[in-house]
Every structure is written in C-alpha cells, then in structure tokens.
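> Dumping the structure here so I can ask a few things about it.
The values are calculated or read from the model by the stated rules, or taken from the named source; none is laboratory data. This is a predicted model, so every value here is computed, not measured. A quick note on method: Cβ atoms are made from the backbone with ideal geometry, for glycine too, and the neighbour counts reach across all protein chains shown.
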Amino acid sequence: MTQLRDRLIGFTRFYYDGFRNMSTWGRQVWVIILIKLFIILVILKFLFFRDFLNTRYQSDTERSNFVLNQLTNTR
Amino acid sequence: MIENLDLTLLDWSRAQFALTAIYHWLFVPLTLGLSFIVAIMETIYVRTGDEEWKRMTRFWMTLFGINFAIGVATGIILEFEFGTNWSNYSWFVGDIFGAPLAIEGILAFFLESTFVAVMFFGWNKVSRRFHLVSTWLVAVGANLSALWILVANSWMQNPVGMVFNPDTARNEMTSFWALLFNPVAVGKFLHTISSGFLLASMFVLGISSWYLLKKREEQLAKRSILISGIFGLLSSLMVAYTGDMSTRTIARVQPVKFAALEALSEGKQEAGLTIVGILKDSGRKIGGRSLTEFSLKIEVPGLLSLMTSGDRDAFVPGISDLVNGNEARSIMPVTEKILRGKEAKELLSGYKASKHEKMVQKADSISAVFRDPGFISGNFRYFGYAFIDKPEDVVPNVKLAYYTFHVMVLLGFFFIIMFALALFYLFRGTISARKWFLWLAVWSILLPYVSGELGWALAEAGRQPWIIQDLMPVGAAVTRISPGSVITTFILFAVLFTVLLISEISIMVRQIKLGPKH
C-alpha cells in the first residue's frame, strides 16, 4: 500500500515538476492547446457538429431506416 | 443522384473536408518523421555519451514538441464532419471505420501521449535508457496512429473484408486481416510514413543549412545534415519504391483513376510513360465530357505497360475503354455496371418494402441474397453505380489527377538529388562553401509539404465521384443540412487553422533563431 502511495506521489511529482519547470515555448504551446481544445471540443462539437443521426433518431432501427430510405429514394 | 440534392451543399461539404484534411496534413508528417530523427540522435548520444548529441536531440525535440502540440487533435474535426456532414456514409461504413479508429485511439494514441511526457519532462529524472525507449515508443506510436487511419482510408479506395447487411444498412467486417492487409493499405501506409520521414529530413537539412549560412552552430548543423541526409536519402528512395507499388495497385483496383493520372484517353499496347507533358482539350468527347491530349510530351515508350503488367506489350486501358467498355479486352462498360447497381438497389428497395409489409419470409430470402458471393461480386460491388446518371460521370478531373501526380513524382526525384548532394558535399567537406545549395535546401523545406498535399489531392479527388470506390458516390453520402451552416463552419475552420499555423511557424522560427541551449 505504502509502495503504491509512493509511486502515485512520484508520478504526480513528475508531472508537477515538469509543468512547473516548463520553458517559455512549452507554456505558449500549452496555452494554444487549451484554447484549441476548448474551441474544438466545446464550441465546434456542441454548437456546430452535432451528430446528425444520433441527435435526430433515438434508436439504431430508426437510423437504419433513415439511411435505407436515403439510399433507395432515387429518381 | 439522390432527389433534390443541393450541389452547393455537396461542394461546400467537400470543400470543408478538404480544407480540414489539408491543414491537418500540414502538422502530421513532421511528427511522423522528426520523432524518428530525434530517436536516432538520442540513440547516438546514449551509445557515445557525447553531450553534443544530447544538445542536438533536445533542440530537434523542441521543434518536434511545438509541431506535435499545435497539430494534436486537429484530426478530431474530421471525425466530427463524418457524423454531421457525411452521416449516410458514416452509417453505411458501419464498424469498418470503428475498429481501426478504436485501436488508434486506445493503443497508438495512448502510447504516444504517455511517453511524450517522459520525453519532455524525463531528462535527468529517469535513466538514459528508459528515456531513450520512451522516445522510440513516441516515434512508433505516432506512426502506428497513422497506420489505423490509413487502413480506414484504404478501405474507401478498395472496400474489402466486409458484407453488407440490408437490415441495418451497414457494412459489417468479415475479416480484420483483409482490412489490414488490403493491398492499398500496405502501399499507402509505407508510402505515407516514408514521405513523412522525407519531409522531416528536408526540414532538418533546411534548418541546418540556415545555421551554416549564418555561420552558427556548425558542428550541430553538420551532424544534423549527416543524419537527415542518410535518413532522407533512404526515405526518398523508399518513397519512390512505395509510390510505384501504390500506383500499380491503383492500376488494378481503381483503373479510371489510373487512366486519369496518366491522362490516357484511349487504351493502348506498349503504352509509354510520360515523364513531362502538357495537357489540352482534344475536341473529342465521351458524353458531355471533353477528353484530353498532350500538346507536348516526353515519354519512354512501352514503360507504362511494363510497369503496370511486367510486359512491354501489355494493353493499358484508357478512359474511353473504361467508360464505353472494350469487349476484346473484357472491360465492362459503365452502362452495364449501372444496370447491375440498379438491380442491387431494387433488391434493397424490395427488402425495405417486405419488412414494411411484414413479409418475413421474403425479407429473409432477400437478406440471404446479400450474403451470396455471386451477388456480391456480380451486383453489390457496383451498388454505387445505381446513383450515376451518365457513364462519363465516373471520370474524375483528369487535368487535376494528371498534374498532381506528375508534379509529385518530379518532386520525388528532386528530393533524392538533394539528399545525395547534401551527403556528397558533406563528405567532401565543401558544404559550408556551397551557398547556392544551402539556400536551395532552406527553401526546399516547403516542397515536401507541397508534394504531400498533392499526393492526398490525387488520392481523394482522383477517386471522385466515389466516397467509397464503386459502392457509394459523394452525392449519396452527404447529409442534407443547410449549406449556410457548412459555409459558416468552413470559414471558422479556415480562421482557426490559419491562426494555429501562424502560431506554430512564429514559435518555431523564434526557437530556431534562439538555437539550442548551451
């Protein structure tokens, strides 16, 4: 148990020290990464990129029927 | 084509996907190649204990880190677009994409992202050997990520290892190994990663050349040129070999794309390989489409036949043969493929009607037909042709396919010469004095990016009108949403990616000007 706790502390410290002693370029790219992830995963995903079939239909059967209609509904 | 399809929507959806893919591909290949160059440099450091190699490793690792960080997650947007703009396609591909992408997410990305932390934070905290292993694992992980994405893309070029389930309207994987060892996937993976190695080598060669021009960091620059010259030369030869391998596969599984990239309007025996050529409209047409001819060309007689079939006299089909058919050569006309595709579609409509009317026995018997190998190879493989209005619609933009392919090939030969010259001048000890070569190397940093994008343009635009070769055209794949929302997100992406690119270039240029730490 103690060994596991020491390992966890060591692991956390590794990342803590890594981020704390990060160079200027490292800090800059982390700011860019966080802004980018916010734009991609929050703004784009929830405002513009809702999954069309998952948001419109509740079940796989409904989704299958929709696509089947699309594929067979030709002139 | 599907009723009431708005062409503006289709064009904008395609443009949006192309824009995202083009920008995404500006970040990926440097990660693929520079990770290996850094690993090689660190290996030399660990073996020799020479601190200068450690300094070099850390410098190139910094540039790798900037590119990795800015580029990471840009590919996720492509997956969003599948679900929103290409929902019919996403559903139709079923678990074919799910399996490789899940492996990519779990195995490769985990490997990559875990050991990146050790790579950057682990200096002087973990043993030299563990750090080295981590660096190698990042390189392997990054390239494994590419493998799974390319396996999925290769299925779109040559759908194999699946059966269509009319009940779910999805394709179901029947053989993971057929998917993994799809001949398109093998060639595409090797060609793509080697082009990434080449790009990274040119990046290292160009920046090292800049240091020599500025008379700074001469030892670091010369050692970097040595590594990038050897790695780049081997990679560029591998690019040429795997490119040839991929083109032979295209000739077999996507013959219309092949005829387009060689601008071969009429099939011929002893077909020559065009080295350089300029295209013009010939005045002849197939349906409403103009055929092209060369206003100028330099070709090697018989070489195209030899390269595609191993026989100098072999017949290479042209666009006319592939559209109109050629009975003597056993080439089926597109009109026949359209009929067969329509039979498959009518059967699918029959299945839908039987299910709707609860005619269970009839639905079951139709479902069994979709699993019948004779029906799969005789009809279902032409399913997408049911959506084609005119036979000539199966021909992609010939000038685009031809020029993207030939400029890419010419650049490929240029890269071989550049790396060979770099090593030649380095071993003769005259590289610092060859200012013209050093400047050429600096400006050549951009060229592998150009050739990589041309390669993807050929792969994707050359497959048109298909999103999945012969099974689904882009018009049947697109989601009918408002074109306005696609245009809005197109503009958003253009702004977002341009800002990311400018950020990367400015941070990277600043680090290069600062140089490695002493």
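> From A:5, A:63, grab the single residue that is modelled with pLDDT of 85 or more, more than 7 Å from every other protein chain (Cβ to nearest Cβ) and either under 23 Å from residue B:172 (Cβ atoms) or surrounded by fewer than 11 Cβ atoms within 10 Å (Cβ to Cβ) (or both).
Going through A:5, A:63 in turn, the sole match is A:5.
> Also, I was wondering about something else. I'm trying to understand the selection: among the residues of the range B:74-96, which are under 25 Å from residue A:39 (Cα atoms), of a type outside the set (Asp, Glu) and either surrounded by 18 or more Cβ atoms within 10 Å (Cβ to Cβ) or in contact (Cβ under 8 Å) with a residue 40 or more places away in the chain (or both)? Step through it out loud before you land on a result.
Residues of the range B:74-96 that are under 25 Å from residue A:39 (Cα atoms), as a first pass: B:74-87, B:90.
Retained after the next criterion (residues that are of a type outside the set (Asp, Glu)): B:74-78, B:80, B:82-87, B:90.
Those that are under 25 Å from residue A:39 (Cα atoms), of a type outside the set (Asp, Glu) and either surrounded by 18 or more Cβ atoms within 10 Å (Cβ to Cβ) or in contact (Cβ under 8 Å) with a residue 40 or more places away in the chain (or both): B:74, B:75, B:77, B:78, B:80, B:82, B:83, B:84, B:85, B:86, B:87, B:90.
> A further question on this structure: Say whether the condition of being in contact (Cβ under 8 Å) with a residue 40 or more places away in the chain and farther than 30 Å from residue B:259 by Cα is met by at least one residue in the range B:384-394.
No, the range B:384-394 contains no residue that is in contact (Cβ under 8 Å) with a residue 40 or more places away in the chain and farther than 30 Å from residue B:259 by Cα.
> What is the residue count in the range B:469-501 for residues that are among the polar types (S, T, N, Q), within 8 Å of chain A (Cβ to nearest Cβ) and more than 15 Å from residue A:44 (Cα to Cα)?
1
> Turning to a different aspect of this structure: If I ask for residues that are touching a Ser or Thr at 6+ places or on another chain (Cβ under 7 Å) and closer than 27 Å to residue B:131 by Cα, which ones from the range B:57-86 would you list?
If the condition is that a residue be touching a Ser or Thr at 6+ places or on another chain (Cβ under 7 Å) and closer than 27 Å to residue B:131 by Cα, then B:64, B:67, B:68, B:70, B:71 are the ones that fit.
> If a residue has to be more than 17 Å from the chain's Cα centre (by Cα) and among the basic types (Lys, Arg) to count, how many in the range A:29-75 make the cut?
Residues meeting the conditions: 3.
> Quick check: anything in the range B:486-496 surrounded by 12 or more Cβ atoms within 10 Å (Cβ to Cβ), of a type in the set (S, T, N, Q) and part of a helix (DSSP H, G or I)?
Within the range B:486-496, one or more residues are surrounded by 12 or more Cβ atoms within 10 Å (Cβ to Cβ), of a type in the set (S, T, N, Q) and part of a helix (DSSP H, G or I).
> I would also like to ask the following. How many residues does the range B:309-332 hold that are within 16 Å of residue B:266 (Cβ to Cβ) and under 29 Å from the mean Cα position of the chain (by Cα)?
11
> While we're on this one: Quick check on residue B:262: is it surrounded by 21 or more Cβ atoms within 10 Å (Cβ to Cβ), of a type in the set (D, E, K, R) and in contact with a helix residue (DSSP H, G or I) (Cβ under 7 Å, 6 or more places away or on another chain)? Please lay out each step first, then the result.
Numbers: surrounded by 21 or more Cβ atoms within 10 Å (Cβ to Cβ): yes; of a type in the set (D, E, K, R): yes; in contact with a helix residue (DSSP H, G or I) (Cβ under 7 Å, 6 or more places away or on another chain): yes.
So residue B:262 passes the test.
> How do the helices (runs of 4 or more DSSP H) wholly within the range B:1-110 filter down when requiring 3 or more residues that are within 11 Å of chain A (Cβ to nearest Cβ): which remain?
B:51-71, B:76-85, B:87-93
> Sticking with this one: Being surrounded by fewer than 20 Cβ atoms within 10 Å (Cβ to Cβ), under 25 Å from residue B:202 (Cα atoms), of a type in the set (A, V, I, L, M) and modelled with pLDDT of 95 or more: is that true of residue B:22 here?
no
> State whether one or more residues within the range A:15-34 are closer than 25 Å to residue B:16 by Cα, of a type in the set (Val, Ile, Thr), out of contact with any strand residue (DSSP E or B) (no Cβ under 8 Å at 6 or more places or on another chain) and modelled with pLDDT of 85 or more.
yes
> Restricting to helices (runs of 4 or more DSSP H) lying wholly in the range B:369-481: which have 3 or more residues that are over 23 Å from residue B:96 (Cα atoms)?
Where helices (runs of 4 or more DSSP H) fall fully within the range B:369-481 and carry at least 3 residues being over 23 Å from residue B:96 (Cα atoms), they are B:398-428, B:435-443, B:447-461.
> Can you tell me which condition residue B:313 does not meet? The list is (1) at pLDDT below 95; (2) not in a loop (DSSP other than H, G, I, E, B), and all the others hold.
Failing condition for residue B:313: (2).
> Inspect the range B:429-444 for any residue being within 30 Å of residue B:261 (Cα to Cα) and of a type in the set (A, V, I, L, M) and give the result as yes or no.
Yes, that holds for at least one residue.
> Something else about it: So, residue A:12, is that one polar (S, T, N, Q), under 21 Å from residue B:122 (Cα atoms) and more than 9 Å from chain B (Cβ to nearest Cβ) or not?
In short, yes.
> For the range A:23-58, name all the residues that are of a type in the set (D, E, K, R) and more than 7 Å from chain B (Cβ to nearest Cβ).
A:27, A:56
> Next question. Anything in the range B:108-134 that is modelled with pLDDT of 95 or more and β-branched (Val, Ile, Thr)? List them, or say none.
Scanning the range B:108-134 gives a single hit, B:133.
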